[in-house]
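S.K.: First, the structure itself, so that you have it in front of you.
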Amino acid sequence: MRRKKIFLSFAKVSIHQWLGTLAIFLLIAPLGCGEKRGETTQHGFSIDSAYSMLTKDVDVLVSDSGETRYRLKAKEWYIYSTDTRPYWYFPKGFVSEKIDSNKNSLARIEADTAYYYIEEEVWNLIGNISVINLDGDQFFAHTLNWKKGDKQIYSNDTVTIITKDKILKGSHFTANQDFSKYTFYNSRGSMKLKEEEGTSQ
């Protein structure tokens, strides 16, 4: 129990410092200065190596300007702060949300596995990724990468986008930080969704 309390106290400090990063990745607002992008596709880490901190069943609410605005949930959260490349590791699922005053989700991102490289401010998400932005558009992918300085989300894998009126699919995907503008460099086509109210009765 004491270990968990220490971790949550540490986590609140870390998350507060990380709030700008979290806000961007929740598709809220662009921040940061330019840096060269570096995509990570493979991770040579062992969960059994010496980690600095671990907690399970994480459910952390983050306040900004006195209001609870964000939520982070994970089955396991490992912190490797003494590694030559310090990082956080979420091996059993990662969910991050922007929430309203009633804790209802406004925007959400979820993945099977997540890595966050602290010094580089790089996120790598892997496996069954789903994103819902503030407009309700949905994005599905196997991998997504984001580096704060780039102001871009990117993936070389297939990405599917579902909006209110169409479905898009392609690979070599890039998007701005609020997912309002995006590009497929290898589009696999699109399909418009028809309004069926008149034919459903």
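Any read-out appearing in this document is the output of simple, stated calculations on the displayed coordinates, not a laboratory observation. From a predicted model like this one, the values you see are computed outputs, not experimental measurements. Positions of Cβ are backbone-derived with ideal geometry, glycine not excepted, and every protein chain shown enters the neighbour counts.
S.K.: Relative to the Cα centre, what is the charge dipole magnitude of the stretch 49-189, using +1 at the beta carbon of each Lys and Arg, -1 at the beta carbon of each Asp and Glu, and rounding to the nearest 20 debye?
M.R.: The dipole of the stretch 49-189 has a size of about 300 debye.
S.K.: Also: Could you derive backbone 3J(HN,Hα) for the stretch 54-59 from the dihedral phi with the Karplus parameters 6.51, -1.76 and 1.60 (θ = phi - 60°), listing whole Hz in sequence and x where the residue is Gly or Pro?
M.R.: These are the phi-based 3J(HN,Hα) values: 8, 9, 10, 6, 6, 8 Hz.
S.K.: Rounded, prolate or oblate: which fits the stretch 49-189, taking a ≥ b ≥ c as square roots of the Cα gyration tensor eigenvalues, rounded meaning a/c under 1.5, else prolate when a/b beats b/c?
M.R.: oblate
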